[in-house]
Amino acid sequence: MKKGGGVSERYGDKETEIGGVTNKKKMKKNMQRLGGRGGLSLASFANAKARNDNYNPSVIKKQREFYKNAKYVKKYKKTINQQEHRSTPSTTQGLLEGENVANEVNRARQKKTMYKKNARNLQELYEKKHEEQEKARIEREAMIEAKKEEREASEARRRALKEKMYKKTRSGQPVMKYRVEHMLETIQASTS
């Protein structure tokens, strides 16, 4: 820096200092950001424009589904490996080939029965859930119907009261009998 607080320049490095940060550092950062000395390649330029960092729920859903499916495939392969490992006869056990076939047939039967049991259980669970949903729907409809009837009854009471309150004599004066009865009812209701 010069003595007067001015800007100093060094011509050899073409470096200028502005506010404590050298221009060379800024240039270096820019070069790294742009991908080296030659600037951006055509491919990286196209990718930089095409890159979309926005939140996209459909992409996230697809990724989740992909990883979920991958997990299932991995589990499936693992079980296949375990079954193959179990079914291979070892020399120390001395299993005969006929016994292996019988064991395989037994396993297939067991799997079929397990599948049938599972299917039955699933059917029962489905029916039970369906019945519960039907009961809940019927209860909701009953509540809605009760509320509707209550509303209609209160509207009918209000209509009758309004009709009585607006009754007039021949000369156009209000009939006080109904108004006094209404006041008496409200007073009795508030005291009791």
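The values are calculated or read from the model by the stated rules, or taken from the named source; none is laboratory data. Quick caveat, the model's predicted, so the values are computed rather than measured. As a convention, Cβ positions derive from the backbone with ideal geometry for all residues, glycine included, and neighbour counts pool all protein chains shown.
Can you tell me which residue among 126, 115 is in a helix (DSSP H, G or I) and modelled with pLDDT of 85 or more?
Unique residue meeting the criteria: 126.
Kindly evaluate residue 108 against the criterion of being within 34 Å of the chain's Cα centre (by Cα) and within 30 Å of residue 83 (Cβ to Cβ).
So residue 108 fails the test.
I'd like to know if the stretch 133-156 contains one or more residues that are in a helix (DSSP H, G or I), modelled with pLDDT under 90 and surrounded by 10 or more Cβ atoms within 10 Å (Cβ to Cβ).
no
Which one of these is at pLDDT below 70, out of contact with any strand residue (DSSP E or B) (no Cβ under 8 Å at 6 or more places or on another chain), assigned to a helix (DSSP H, G or I) and more than 30 Å from residue 107 (Cβ to Cβ): 61, 49, 25?
Answer to the selection: 49.
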